[in-house]
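Data block below; observations after.
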Amino acid sequence: MFTPLTLPEAFTPAECDRIIALAQSEPLDEAGLVRNTADHNIRRAELAWLDDRAGADWVMERIIALVARANREGFDFALTEFAESAQVARYGAEREGHFDWHSDIGAGAVAARRKLTMVVQLSEPGGYQGGTLELWPDGFAREAQKARGAATVFPSFVLHRVTPVTAGERWSLTIWAHGPAFR
Ligand SMILES: O=C(O)CCC(=O)C(=O)O
Ligand SMILES: [Fe+2]
């Protein structure tokens with residue numbers, strides 16, 4: 001039940017384009033681990049928070065439906081809300097964008113309540129090299145599906161990383177669903 005779940009074609013290629021365009025409608029922020037803290041050895045990426053972008057409501061509506069479906073099919077966690085904005089990230093080859101092994105459950109009041117993470121691949125796999133999302137739910141690492149528009153849903157405590165992008169750029173959409181403590 002802690003195995004990552006793939007939702008193929010969660011978003012169409014045209015929708016992926018629209019999400020990237022929304023993110024780029026204003027300047028991107030430098031990535032932090034949790035909002036506003038940066039350690040570039042762990043993570044090098046630029047971010048947009050969709051709550052800050054006009055016209056992103058349809059993305060959130062889709063996210064709610066996708067996460068509800070994934071939770072029903074694969075996890076059955078007690079979830080109560082999306083307490084943080086959805087995040088669009090850009091990992092560029094110009095500085096080997098990456099995100100080292102980490103769990104999404106953090107020390108902060110909100111990050112501590114993360115229970116499910118969903119990551120959507122917004123870029124065509126041929127548009128970059130490296131930039132592989134890997135998950136470590138048990139004894140070995142496995143690669144998330146790279147197909148454009150595919151979503152990977154996993155318990156937020158599962159270790160995962162994004163390997164350095166060595167050519168091109170990779171865009172992703174990440175959301176966390178929150179709820180009462182695991183017990
Ligand atoms: O961009 C990705 O594929 C993963 C992002 C991530 O792990 C995070 O924001 O916590
Ligand atoms: Fe993460």
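The values are calculated or read from the model by the stated rules, or taken from the named source; none is laboratory data. Quantities reported herein were computed from a predicted structural model and do not represent experimental measurements. As a convention, Cβ positions derive from the backbone with ideal geometry for all residues, glycine included, and neighbour counts pool all protein chains shown.
Scanning the range 151-183 for residues that are more than 11 Å from the chain's Cα centre (by Cα), crowded, with 21+ Cβ neighbours inside 10 Å and within 12 Å of ligand 1 (Cβ to nearest atom) yields VAL165, ARG170.
Among the residues of the range 118-135, the ones that are away from ligand 2 (no atom under 12 Å from the Cβ) and over 18 Å from LEU66 (Cβ atoms) come to 10 in all.
Of note, VAL120 satisfies the criterion of being in contact with a Gly (Cβ under 8 Å, 6 or more places away or on another chain), within 14 Å of PRO4 (Cβ to Cβ) and of a type in the set (Val, Ile, Thr). Checking each residue in the range 135-150 for being in a strand (DSSP E or B), out of contact with any Pro (no Cβ under 9 Å at 6 or more places or on another chain) and either at pLDDT below 95 or buried (at least 19 other Cβ atoms within 10 Å of the Cβ) (or both) picks out no residue at all. Residues that are farther than 22 Å from LEU66 by Cα and more than 16 Å from ligand 2 (Cβ to nearest atom) within the range 136-164 comprise ASP138, GLY139, PHE140, listed in sequence order. Can you work out which of the residues in the range 118-130 that are away from ligand 1 (no atom under 13 Å from the Cβ) and not in a helix (DSSP H, G or I) is nearest to the chain's Cα centre (by Cα)? Per the stated criteria, the residue is GLU124.
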